[in-house]
1. Please identify the pairs in which a residue from the range 254-265 that is touching a residue at least 60 places away in the same chain (Cβ under 8 Å) has its Cβ atom under 6 Å from the Cβ atom of a residue that is of a type in the set (G, A, S) and assigned to a helix (DSSP H, G or I), counting only partners at least 6 apart or on another chain.
2. Restricting attention to the range 177-209, which residues are aromatic (F, W, Y) and over 31 Å from the mean Cα position of the chain (by Cα)?
3. Quick one: is T253 at pLDDT 85 or above, in contact with a helix residue (DSSP H, G or I) (Cβ under 6 Å, 6 or more places away or on another chain) and in a helix (DSSP H, G or I)?
4. Out of all the residues in the range 381-420, which are more than 26 Å from S231 (Cβ to Cβ) and either charged (D, E, K, R) or not assigned by TED's automatic domain parsing to the domain that holds T518 (or both)?
5. Quick check on my filter: what residues within the range 258-290 are surrounded by 13 or more Cβ atoms within 10 Å (Cβ to Cβ) and of a type in the set (V, I, T)?
6. Output the qualifying pairs, or none if there are none: Cβ atoms under 8 angstrom, residues six or more apart or on different chains, first residue in the range 530-548 and farther than 14 Å from R394 by Cβ, second residue among the hydrophobic types (A, V, I, L, M, F, W, C) and in a loop (DSSP other than H, G, I, E, B).
7. Could you say whether any residue in the range 205-214 is over 24 Å from Q582 (Cα atoms) and either in a helix (DSSP H, G or I) or of a type in the set (S, T, Y) (or both)?
8. From the list E513, E443, E462, which one is assigned by TED's automatic domain parsing to the domain that holds Y421 and either surrounded by 14 or more Cβ atoms within 10 Å (Cβ to Cβ) or within 34 Å of the chain's Cα centre (by Cα) (or both)?
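The values are calculated or read from the model by the stated rules, or taken from the named source; none is laboratory data. Here the structure is a predicted model, which means the values were calculated and not measured. Backbone-built Cβ (ideal geometry, glycine too); neighbour counts: all protein chains shown.
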Amino acid sequence: MSGISNGGASNYTSDSAADVDWDPYGVIQDDIADEYLGLTGEELRSGGNHESPITLEQVRVADQRVRATGVLDLLPAWRLEDGGPKGPGGQPARIDDRLILIALLLLATEKRSMWMTNVSNIFAYRLDAEAREYLGLPADGIDYLDEAAMHNLYNASRNAFQRLLEPMDPYVQPRFLQGFDQRQCLIRDHDKNRARRCKARLDWFSNAFLQMSFMMQSRAIRRADRKVNISFDQTFIAPVSVNSFTKARDEETLQLATKLDLLERPKDRDKRKSRNKKLKDRLVGEVFAGLYIMRPDKRDEAPGAKSGEMKWGWAANVAIRVTNNSNEKTPFPLLIMALTFSLPGRDVSAEAVSLMKSIVGRGHEPGYAAADNDYWAHADIEKLHLQSIDTGFRPLTRYRVDTLGHKGGYAGAKQVEGNHYCPGMPTNLINATLDFNAGTETEETYRLRITQRKQYALRNKERPAADNSVKKMCPAFGPGATITCIFRDVHNKSSKKAKVAVQPKYRPSEKLEICSKTSVKFPAHAYIKFEQDKDFGTVEHEELLTSARNSAEGTFGQLKDNGFEGLSSASRRKVRGYAAAQVFVTLLLVAFNIRTISSFMKKLAWGTAKKKRNFSIAYRPYVDKRRVEREERREAYLQSLDDPGPNSPDTT
């Protein structure tokens, strides 16, 4: 490398470099700092954040949306049902239900943390003059340097939010950490009847807001498909305080406290700390919560099966609208349709039924309801299947491995993966799914066998009765017969098309009930456990279920992303309590629906105005000249083989 040089240092030195006024230590000059780097008034009052002013138009829109839900009329009625105001009366509250909901909805759509500090900041200085007049607030606002005024406004906002929650809170508890003895008292004194009533109100509140966001779509989009197909599932909601407890551990603590004579709770703080340390008692912020099993493959195990697999909190039960055809572009946005809260592992089926009833109760026409194995495949038919019949939703799911193939039956018919079939159906059709899962047959053969199954399926004679029983007929009986059997005479009006005959080696040795009667009444418990909206194993079933479940998982992924709604982050909603969490999550789901509708409308507009691709002089598509030359030589060589030429010997 000797002899190679980039030149001397003088080649890189400008003659004017010495004239530039620069600081080699990076020290900012005082005059620049004084003029440009001081905090603005907005930064000073907002803690360094940028908080844009809220206009009258924004407030008016939020107000109309809150009013459209109907909750402002029901909240006073609920308070009267509970016995009316608890206090002696006095002046009206500075912040009422309407104002607190408007502020929270504005924060949710801004993707800003729904803290009471941010709420009070809106009322203090973020509203313009017209917005303040519209809401009935003082025109001047509050000076952010007035500590007492800001503190009072914060307390007014916090108290208004607690008043909002009071008639809807099923699990009331003090907003401070609870020891083992306090937890036992709260659980013992819990009013289950009141909790049931308040939970119904809270769920109504959530679904009223979601219905409002659904109605934000244009009429054409709302009516693009009358049926609403859903996919429902649970997702974990973390509380502000994550410390957990179990009843067994509290019992052990109680025994230890009795043994050490520490049952009495000291009033002195230091003595209480010493007592808790001796008893190894963990103070818990959320008494009415539970351990949520995070990994799906561990949900069948007992709680505590693996450390790190469970978290303390609540379960949000969410119903998401999904596509009606996986092969076509969806003509509507996939919105959140319903929400309920529950304690983890409790009343999973009841919460699913509540979601479906809420959707139908708001006037939507039911379609199919897709879910994972935690629901249709595992649930008791009395709690989920029979309860869901009245809603009109039809199941769509996969089966557990131990329920594949021939599992039970009725009146001689064989139940195979959702349908009842002729007792003479060939074994290879019965075991089609088992053979495919074992790898002994190809997917093409599997799909063919699933199609061949249909001709052996029993047919419904009429609609289900009031008790959900249904009459079914042998597939070889009547004018609509799909197979032939020696046990049945061919009907004179039956189709003349060739039909498969039941083979002697599969046919039962004697007539069974389904073979001898014109129809057999199947009670609900005989068929409803495995029946689905689409035949299991068909391409349509697989594509529709896969699309529905992927849509649900994708939606949960967006909701939990901190760049959007941040549903998994408790730091954005620092108010303790079950009811507070559900109200915050409701408003976040409304914000998600608004964002989804906006994205759908943009794509709709972009798709209707496609521009032709124009290749300008600055752009030319890439062409591999060497590849073109190789193809030309190859074609020339192949032509030479076809044309032997004039000097070739004559072979004729």
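1. L263/A257
2. Restricting attention to the range 177-209, the residues satisfying the condition of being aromatic (F, W, Y) are 180, 204-205, 209.
The answer is F180, and nothing else.
3. yes
4. K414
5. Passing the criteria: V284, V287.
6. S547/V322
7. no
8. Details: E513 fails: either surrounded by 14 or more Cβ atoms within 10 Å (Cβ to Cβ) or within 34 Å of the chain's Cα centre (by Cα) (or both); E462 fails: either surrounded by 14 or more Cβ atoms within 10 Å (Cβ to Cβ) or within 34 Å of the chain's Cα centre (by Cα) (or both).
From the options E513, E443, E462, the qualifying one is E443.
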